[in-house]
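Undergrad: Can you keep this structure in mind? I'll have questions shortly.
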Amino acid sequence: MPLVQAYQCPQTKKLFSLEQRARYQVHLKRVAHERYTKRMMAREAAEQEIFLQDTLWSLSSIGEIEAWFVSNVRWLERNALRSCGYRRASKEPKPLSFACFELDVKWSGYVYNSHAAPRGGVINWSHRDPSKPSSYPGYTGSVRYSLSDPDHGLGSSIFRGTLIHTGSGGGGAECEYSVSMFDDDWPGLKAMRVLSA
């Protein structure tokens, strides 16, 4: 049996003949870049989780949450750009501020989980699976906001990862979306509601 020599990528196990050395090197660089990007995104996601846990999710009133959004518009803008594609996030966005921000929600024992669920919970699309819960306690309502730049194009992406789950609605100069927030994701709100009951 003749001996065959080739390059093999240690990550993907893809083979390249000795004549394809340049393609092999390009492949290795691409794989290394993908691994680096995944590690960087995972690190940033972990940092984001800590930041939100310390600053947002522990707040104990809707008014405090509204104030948090108004004072953290720069972070929200970067978050929206990251969620739209990491390469776009490397560009410095225009400074924005909220012209208005209103979170109009009411507590309900039945916040449907057909599109979103609390951390650790399950989504039950259109309540099709009777073995899964069809709702969780929390808040439902709407969020309305407008930004200083009417052409911001960020829409509901500013809410990604904040545990304010947006539903139907629309963007533009003034944005309005239906929202749901689950009790278990907002321990400060949950504690205040229990104390006031």
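Every number here is computed from the coordinates shown, using simple stated rules; none is lab data. None of these values were measured; they are calculated from a predicted model. Here the Cβ is made from the backbone with ideal geometry for all residues, glycine too, and neighbour counts use every protein chain on show.
Undergrad: Please list the non-local residues whose amide H lies under 5 Å from the amide H of Ala99, H modeled 1.01 Å from N, same-chain partners needing a gap of 5 or more.
TA: Counting only residues 5 or more places away or on other chains, the set is Ser146, Leu147, Ser148.
Undergrad: If you don't mind, another one. For every other residue with a beta carbon closer than 11 angstrom to the beta carbon of Thr12, add +1 if it is Lys or Arg and -1 if Asp or Glu, then tell me the sum.
TA: Charge balance near Thr12 sits at +3.
Undergrad: Related question: Where the only charges are on Cβ atoms (+1 Lys, Arg; -1 Asp, Glu), what is the dipole of the stretch 1-84 about its Cα centre, to the nearest 20 debye?
TA: The dipole of the stretch 1-84 has a size of about 860 debye.
Undergrad: Restricting to DSSP loop positions (anything but H, G, I, E, B) with no more than 15 other Cβ atoms inside 10 Å of their own Cβ, which trypsin sites (Lys or Arg not before Pro) remain in the stretch 1-70?
TA: Hits after loop and neighbour filter: Lys13, Lys14.
Undergrad: What distance in nm separates the two pseudo spin-label positions at Ser61 and Ala45, each 7 Å out from Cα along the beta-carbon direction?
TA: 3.5 nm
Undergrad: Given the rule -39500 (n - 2.57) for each run of at least 4 DSSP H residues, summed and divided by the residues of the chain, what is its mean residue ellipticity at 222 nm, to the nearest 500 deg cm²/dmol?
TA: Helices in the chain give a 222 nm mean residue ellipticity of -11500 deg cm²/dmol.
Undergrad: While we're here: By how many nm would the segment from Cys9 to Ser142 lengthen if fully extended, with 0.36 nm per residue of separation less the alpha-carbon distance?
TA: 42.9 nm
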